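*Asks:* Would you mind keeping the following structure in view while I ask a few things?
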Amino acid sequence: MPNRIPNQTLGADEVIKIVQQQIQNQQKQAQFSGFGLPIHQHNGVDMIPIFFNDIKKSTIFISDTQNQLAASSYAVSHTIFVNPSPSSNYILSSVSVVFGTAGGTSCAVQVEVATGTTSIGSGTAQLLSPIGLTGSANTPIAGSVIKVPNVITQGSRINIIFSGTVTGLAAFCISLVLTKIGK
């Protein structure tokens, strides 16, 4: 709201402008309030960047997408998040996946937390069981997070671990929600 002297009379155009601005701000806030990320403008990139200031919020959303036609060069176990914040710890709250073409025999994905120099595949599994990637295409599947997920402290990593035959897996996307704990 513009600075004004108490009891100053505003013109009709100025009042309309202020009210319209407040309505727009409330609409933006309502649209994004449940997502945990600050209001931002799309920059033309198909990935939401996570900035250090976002890490101070209570929730982080991570999405890792494979857009190649075949998974052979993508569906390898890899790190998708490293906690850069010295003052924020997180736990994994939920995981969901979807794929356009199912993988081969026993194709599945697990989410793990690794600390220090722990190699990919040697961390602590965060799902009760791996999520199968052999079912119906284009059907979101929610994973079951363990009862007491590991705390993701500064430097801890989240890895996704593929198993089984990944040949054929295509248009794979995994989304994770991390919730801030403590301060």
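Every number in this text was worked out from the coordinates using simple rules, so none of it is lab data. In this text, all values refer to a predicted model and were calculated from it rather than measured experimentally. Note that we place each Cβ from the backbone using ideal geometry, even for glycine, and neighbour counts take in every protein chain shown.
*Asks:* State, to one decimal in nm, how far the label point of residue 141 lies from the label point of residue 17, with both points 7 Å from Cα in the Cβ direction.
*Replies:* Distance between the two pseudo-spin positions: 5.6 nm.
*Asks:* Another question, if that's okay. For residue 123, what residues show an amide H to amide H distance below 5 Å, using hydrogens built from the backbone and excluding near sequence neighbours?
*Replies:* Distant-sequence amide H within range of residue 123: zero hits.
*Asks:* Ranked highest first by the average count of other Cβ atoms within 10 Å around their residues, in what order do 134-144, 98-108 fall? Display every interim value, and only then the final one.
*Replies:* Values: 134-144: 12.5, 98-108: 17.5.
The most tightly packed comes first, giving 98-108, 134-144.
*Asks:* Using θ = phi - 60° and the Karplus form 6.51 cos²θ - 1.76 cosθ + 1.60, what ³J(HN,Hα) does each residue of region 104-109 get, whole Hz, x for Gly and Pro?
*Replies:* Residue by residue, region 104-109 yields x, 3, 6, 5, 7, 9 Hz.
*Asks:* Now, a different point. On a C-alpha basis, how far is the centre of region 162-183 from the centre of region 129-157 in Å? Whole number, if you could?
*Replies:* Answer, in whole Å: 6.
*Asks:* Quick one: what are the phi-derived ³J(HN,Hα) couplings along region 136-153, Karplus 6.51/-1.76/1.60 with θ = phi - 60°, whole Hz, x for glycine and proline?
*Replies:* Calculated HN-Hα couplings, in order: 6, 5, 6, 10, x, 10, 8, x, 9, 6, 4, 4, 10, x, 5, 6, 9, 8 Hz.
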